[in-house]
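Shown next, in structure tokens, is the structure this report addresses.
Read-outs: derived from the displayed coordinates by stated rules, not from any lab. A quick note: this is a predicted structure, and the numbers were derived from the prediction, not measured. Cβ placement follows ideal geometry from the backbone for every residue including glycine, while neighbour counts extend to all protein chains displayed.
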Amino acid sequence: MDLEDWRERIDIVDFKILELLNERTRYSLEIGKIKERRHLPIYVPEREREIYERMERLNQGPLSGKAVRRLFERIIDESRRIEKEMAEKK
């Protein structure tokens, strides 16, 4: 395969990642609604720590554990921001 073939494969993967991130965000919004109804906090450090640790354990490389953790920190930060924004609108 040549450079363009690899780039096309990357583009396909990027689109799949985008679809999955949007799906995750929709689920996060639903969780935010439940938390709001139950008067639960948006930020739950224990839960976030569980996610980071589980993803690091499940990682089979070539990403390092640190890289996986950084990626999920950003994903979760954005989910938390969206949940908070939704709660503030109400």
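Tabulated values for the structure
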quantity	calculated
Most mobile listed residue (73, 30, 50) in the chain, GNM with C-alpha springs under 10 Å	50
13 Å beta-carbon shell around residue 76, net charge (K/R +1, D/E -1)	+2
Furthest towards positive pole of dipole, 71, 39, 28, structure part the chain, Cβ charges	39
Per-selection metrics, the chain (Cα): Rg and Dmax in Å	16.2, 54
Relative packing of peptides 66-72, 33-39 - highest average C-beta neighbours within 10 Å first	66-72, 33-39
Centroid-to-centroid separation of the range 50-90 and the range 1-39 [C-alpha atoms, Å]	12
Only Lys, Arg (+1) and Asp, Glu (-1) charged, at Cβ; the chain dipole about Cα centre in debye	680
Computed over the chain: relative contact order in percent, which uses C-alpha pairs under 8 Å that are six or more apart	33
Rg over Rh, two decimals, the range 32-79 (C-alpha only, Kirkwood Rh)	1.09
